[in-house]
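The block underneath contains the structure these notes are about, expressed in structure tokens.
The values are calculated or read from the model by the stated rules, or taken from the named source; none is laboratory data. Model, not experiment: these values are computed from the prediction. Backbone-built Cβ (ideal geometry, glycine too); neighbour counts: all protein chains shown. To get the accessible areas, we keep the full protein, side chains included, count just its heavy atoms, and leave off ligands, DNA and RNA. Shrake-Rupley method; radii C 1.70, N 1.55, O 1.52, S 1.80 Å.
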Amino acid sequence: MSLDDWRALGEDTSGRSELQEGVLIVSPSPVPRHQKAGFRLGLALHPQVPDGVEIVPDVDVIVASGFPPTVRRPDLVIVTASTETDIVAADVVLVVEILSPGTRRQDLVTKRSEYADAGIPHYWIVDLDGGPSIEALTLRDGQYEGATSTGEFTTTVPFGLRVDLTALI
């Protein structure tokens, strides 16, 4: 499937769809626990983000536009500018994925590689089980590196942010 074919599908209201190297992937929407955590994280981050960036939940991000294209739908993205149309990887400052049992490997392996290849500078992976925890990754020399935190997470990159991870669940 090309990027134009993807766009021609229109808005998806029956589930969650992504395009992985030209292949349409459809999955059920995340469970309420997952959705509530994403909402709470967005609420916690919103008053802390600086001017010139904004938080967008559950939106398509064109990770690779060439053929075969890849379009992902992260749980949250922080982008550099307001856009009314496509969000491309170059617009993304931070991408956040919240792990689900059905997408765990995709988020930890596949998307991690895709986001790094696309040059997205920051990737957070939130795990609601056994914590919750956040793996805050920064792109260095084409690879993500970082640490996992529990409890209160504080960072200075991409800008100063603080999140009480226990408030996500």
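Structure notes:
- The chain, relative contact order in percent, only Cα pairs under 8 angstrom and at least six apart counted: 18
- Accessible surface of the range 63-152, 1.4 Å probe: 46 percent of it comes from carbon and sulfur atoms.
- 1.4 Å probe accessible area per residue over the chain, in Å²: 52
- Scattering profile of the range 1-43 at q = 0.19, 0.26, 0.28, 0.33 Å⁻¹ [log10 I(q)/I(0), Debye over alpha-carbon scatterers]: -0.69, -0.89, -0.94, -1.10
- When you count the other C-beta atoms within 10 angstrom of each residue and take the mean per peptide, 18-29, 120-131 line up highest first as 120-131, 18-29.
- 0 to 90° range, to nearest 10: angle between helix 32-45 axis and the chain longest Cα axis: 70
- Interatomic Cα distance distribution for the chain, bins of 5 angstrom, percent: 2, 8, 19, 22, 22, 16, 8, 3, 0
- Estimated [θ] at 222 nm from DSSP helical runs (n ≥ 4, -39500 (n - 2.57)) normalised by residues in the chain, nearest 500: -4500 deg cm²/dmol
- Multiplying each eigenvalue of the alpha-carbon gyration tensor of the range 108-149 by 5 and taking the square root yields semi-axes of 20, 11, 6 Å, largest first, rounded to whole angstroms.
- Cα gyration tensor, the range 59-153 - rounded (a/c under 1.5), prolate or oblate: prolate
- Evaluated with a Cβ-only charge set (Lys, Arg +1; Asp, Glu -1), the range 74-160 carries a dipole of roughly 180 debye about its Cα centre, given to the nearest 20.
- Averaging Cα coordinates gives a centre for the range 66-126 and one for the range 16-61; these two points are 9 Å apart.
- Rounded, prolate or oblate (a/c below 1.5 giving rounded, otherwise prolate when a/b exceeds b/c) for the range 34-73 by Cα gyration tensor: oblate
- Prolate/oblate/rounded label for the range 1-84 (Cα gyration tensor, a/c 1.5): oblate
- With the charge dipole of the chain set up from +1 on Lys and Arg Cβ and -1 on Asp and Glu Cβ about the Cα centre, the Cα lying farthest toward the positive end among the listed residues V26, S65, L9 is that of V26.
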